[in-house]
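Encoded as structure tokens, the structure appears first; notes follow it.
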Amino acid sequence: MWNPAQYERFRDERKRPFFELLARVEASVPTQVVDLGCGTGDLTLVLAERWPTARVTGVDSSEAMVAEASRRAAPDRVRFEVADLARWTPPKPVDVLFSNAALHWLPNHAALLSGLVSQLAPGGVLAFQVPANFNAPSHRRIDEVRAHPRFAATLAGVRRGHAEVLEFYEACLAGLGLAVEAWETTYLHVLPGEDAALQWLLGTTLRPVLAALGPEEGRAFVDMLRPLLRADYPPAERGTPFRFTRRFVVATRRGSAQP
Ligand SMILES: C[S@@+](CC[C@H](N)C(=O)[O-])C[C@H]1O[C@@H](n2cnc3c(N)ncnc32)[C@H](O)[C@@H]1O
């Protein structure tokens, strides 16, 4: 379902929140680091560089993404696994549980976070970033086309992705005894290329939709969506301005980290 090449297309824009999240993680010498929803693995390797003595595991449910990640030259202490992050359990307590742009694909964030926190070592950090643009014109347009009688039945059970508000994450993680920092950032990307908003969405949001529809219906879906997105995101000579909000959380379990 995931297409590494399409996802990589706006790599600089998608990388930036990863680095902004990483900058807020204070973990001096972690031994176990996990990247949940690691995708093509290039950013997992950044985690390995940031903590040069840690064992780093990238977990992703997409075989295509993990195959791409596994082709990268990486030190022996880095490994990649195909698994659903909601069910995967680490062999040892984790010092840094990191997730960039993946948790929004999973339902029930209260239960999810509680499960993830239980994997943390004392002093361990859970750091994640999720897109928070589910009410943006792009998503409203996708919803509009999803509701069309031609597609509605096929897409009824296809997940849309969601993020909770910052207050939810803060209360949930503080309730589990963690010290929480949470913030939100809105970027105004100026995307290069033709139909840039559509191309952006083809790398992420539209993947499950197109996988469910199959090639022919998928093309019809995109043909219906394209003019709507052109109207909402008109291109300028310098590129297509594309507003995108993301939420960030860094939560630290109390207790001392292992020496
Ligand atoms: C938008 S990409 C982000 C990839 C990477 N973290 C990055 O920042 O480049 C989302 C990734 O989450 C993965 N994903 C979605 N649901 C998942 C799940 N339940 N378990 C593990 N990975 C999942 C997808 O396969 C995809 O590679």
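What follows draws every value from the coordinates through simple rules; no lab data is involved. For clarity, every value in this text was computed on a predicted model and none was experimentally measured. Heads up, the Cβs are rebuilt from the backbone with ideal geometry, glycines too, and the neighbour counts pull from every protein chain shown.
Computed over the alpha-carbon atoms, the stretch 1-113 gives an Rg to Rh ratio of 0.93, Rh here being the Kirkwood radius from the mean inverse distance. With θ taken as phi - 60° and the Karplus curve 6.51 cos²θ - 1.76 cosθ + 1.60 applied, the whole-hertz 3J(HN,Hα) list for the stretch 14-26 is 7, 6, 3, x, 4, 5, 5, 6, 4, 4, 9, 8, 9 Hz, x standing for glycine and proline. The separation of the stretch 184-224 from the stretch 18-37, counted between C-alpha centres, amounts to 29 Å. Rounded to the nearest 10 degrees, the inclination of helix 137-146 to the longest alpha-carbon principal axis of the chain is 70 degrees. In terms of other Cβ atoms within 10 Å, 12, 35, 42 run from fewest to most in the order 12, 42, 35.
Within the chain, the longest segment free of exposed loop sites, counting GluC sites (Glu not before Pro) that fall outside DSSP classes H, G, I, E and B and have at most 15 other Cβ atoms within 10 Å, spans 27-193. Normalised by residue count, the stretch 103-187 yields a Cα convex hull volume of 99 Å³ per residue.
Summing +1 for each Lys or Arg and -1 for each Asp or Glu among the other residues whose beta-carbon sits under 15 angstrom from that of residue 187 gives +3.
Rounded to the nearest whole Hz, the Karplus-based 3J(HN,Hα) values (6.51 cos²θ - 1.76 cosθ + 1.60, θ = phi - 60°) of the stretch 148-154 follow the sequence 4, x, 5, 10, 4, 5, 4, with x at glycine and proline. Less than 5 angstrom separates the built amide H of residue 55 from those of 32, 33, all sequence-distant by 5 or more or on a different chain. Note on the chain: antiparallel DSSP beta bridges, both residues inside, total approximately 55 percent of the bridges counted. With N the number of residues in the stretch 4-253, Rg(Cα) / (2.2 N^0.38 Å) evaluates to 1.03.
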